[in-house]
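For reference, the structure discussed in these notes is given below.
The values are calculated or read from the model by the stated rules, or taken from the named source; none is laboratory data. The shown structure was predicted, so the numbers you read here are calculated from the model rather than taken from an experiment. All Cβ positions, even for glycine, are placed from backbone atoms using ideal geometry, and neighbour counts span all protein chains on display.
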Amino acid sequence: MYVQRLKENLPGVEERVAGALARAGRSDAVRVVAVTKGHPLDAIRAAVGLGLRDVGENRVQELDHKRSTLGPELEPELEPVWHLIGHLQRNKVRRALSLADWIHSVDSLRLAREVSSESVRAGVVTRVLVQVNMSGEETKGGFDAATADAGVAEVLQLPGLSCAGLMTMAPLTEDEAVIRRTFAATRQLLERTRAAGLQLGTELSMGMSGDYEIAIEEGSTMIRLGTVLFGERQ
Ligand SMILES: *Cc1c(COP(=O)(O)O)cnc(C)c1O
């Protein structure tokens with residue numbers, strides 16, 4: 001069922017991605033993170049089978065279950081790159097480090113410090129994105145616009161982290177201009193930080209099913225897609 005669904009949905013998504021890249025005059029590519037939270041293992045099997053190697057989950061427990069179940073089954077070259085995209089509780093950091101190849105949701109200094117110290121303890125460097133909340137919507141996590149510059153700069157000083165870029169979520173609104181401003185503000189923060197000589201990577205994780213074309217037009221390098229690929233979650 002998931003193979004069928006993905007075969008139906010993926011070409012249209014790829015076409016829209018290509019269209020958005022072209023409108024923005026971009027010649028680079030966008031990484032599609034297939035968000036499989038709330039879907040069974042078959043969604044992941046379908047994704048990797050059709051060449052989508054980046055898989056996103058928003059809870060450590062679900063990631064753990066899916067990764068440990070699928071691991072022994074998949075050929076090593078089909079092993080997904082696992083992205084943790086949801087809010088991470090500090091008491092789950094240690095477990096998350098051994099499960100996630102990317103953590104998109106470093107949304108506070110306290111969490112960043114915990115990921116840093118656990119990484120140092122484990123002797124690893126953890127690839128993270130700093131989550132920012134440029135729209136100020138209260139239900140969204142991340143450094144808010146007023147503190148983001150300083151907050152990102154502080155995270156960048158912590159050992160044990162490789163800060164690959166920024167992540168954001170647009171507010172829940174039909175107003176395209178508001179969504180676009182949120183993405184643009186995130187890109188500008190990345191550009192400002194890099195121009196200041198700080199060690200921040202170039203990744204911008206922005207765009208979900210409802211807004212990924214706008215995100216790409218505003219510079220997204222990673223889109224996190226669930227519903228448009230796999231249908232509604234249970
Ligand atoms: C669930 C989720 C997504 C995917 O959402 P869709 O609208 O289904 O594409 C993307 N990012 C985060 C952080 C999520 O939690």
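With the requirement that a residue be small (G, A, S) and crowded, with 16+ Cβ neighbours inside 10 Å, what does segment 133-177 give you?
S135, G141, G142, A145, A148, G151, G160, A164, G165, A170
Have a look at A184, A215 and point out the one that is within 18 Å of I85 (Cα to Cα) and outside any strand (DSSP E or B).
A215
Here are the criteria: (1) modelled with pLDDT of 95 or more; (2) closer than 29 Å to P11 by Cβ; (3) of a type in the set (S, T, Y). Tell me which single one S162 does not satisfy.
Of the numbered conditions (1) modelled with pLDDT of 95 or more; (2) closer than 29 Å to P11 by Cβ; (3) of a type in the set (S, T, Y), the odd one out for S162 is (2).
Name the single residue that is nearest to the ligand (Cβ to nearest atom) among those in segment 66-113 being surrounded by 20 or more Cβ atoms within 10 Å (Cβ to Cβ) and over 25 Å from P40 (Cα atoms).
Here the answer is D107.
Condition check: touching a strand residue (DSSP E or B) at 6+ places or on another chain (Cβ under 7 Å), modelled with pLDDT of 95 or more and within 9 Å of the ligand (Cβ to nearest atom). Does S220 satisfy that?
On the way: touching a strand residue (DSSP E or B) at 6+ places or on another chain (Cβ under 7 Å): yes; modelled with pLDDT of 95 or more: yes; within 9 Å of the ligand (Cβ to nearest atom): no.
Judged against the criteria, S220 is not a match.
State which residue pairs qualify: first residue closer than 15 Å to T182 by Cα and inside segment 205-234, second residue among the charged types (D, E, K, R) and within 8 Å of the ligand (Cβ to nearest atom) in any location, beta carbons under 9 Å apart, and separation of 6 or more residues or different chains.
S205/R224; M206/R224; G207/R224; M208/R224; Y212/R224
Tell me, which strands (runs of 3 or more DSSP E) wholly within segment 1-99 include 1 or more residues that are among the aromatic types (F, W, Y), without any contact (Cβ under 8 Å) to a residue 40 or more places away in the chain and more than 18 Å from V228 (Cβ to Cβ)?
Of the strands (runs of 3 or more DSSP E) lying wholly inside segment 1-99, those with at least 1 residues that are among the aromatic types (F, W, Y), without any contact (Cβ under 8 Å) to a residue 40 or more places away in the chain and more than 18 Å from V228 (Cβ to Cβ) span 81-84.
Applying the selection to segment 71-121, what residues are of a type in the set (S, T, Y) and closer than 15 Å to V33 by Cβ?
S105
If you go through segment 112-147, how many residues are hydrophobic (A, V, I, L, M, F, W, C) and closer than 11 Å to L161 by Cβ?
Summing the residues that are hydrophobic (A, V, I, L, M, F, W, C) and closer than 11 Å to L161 by Cβ in segment 112-147 gives 8.
Inspect segment 141-160 for any residue being within 19 Å of W102 (Cβ to Cβ), of a type in the set (F, W, Y) and away from the ligand (no atom under 15 Å from the Cβ) and give the result as yes or no.
Within segment 141-160, one or more residues are within 19 Å of W102 (Cβ to Cβ), of a type in the set (F, W, Y) and away from the ligand (no atom under 15 Å from the Cβ).
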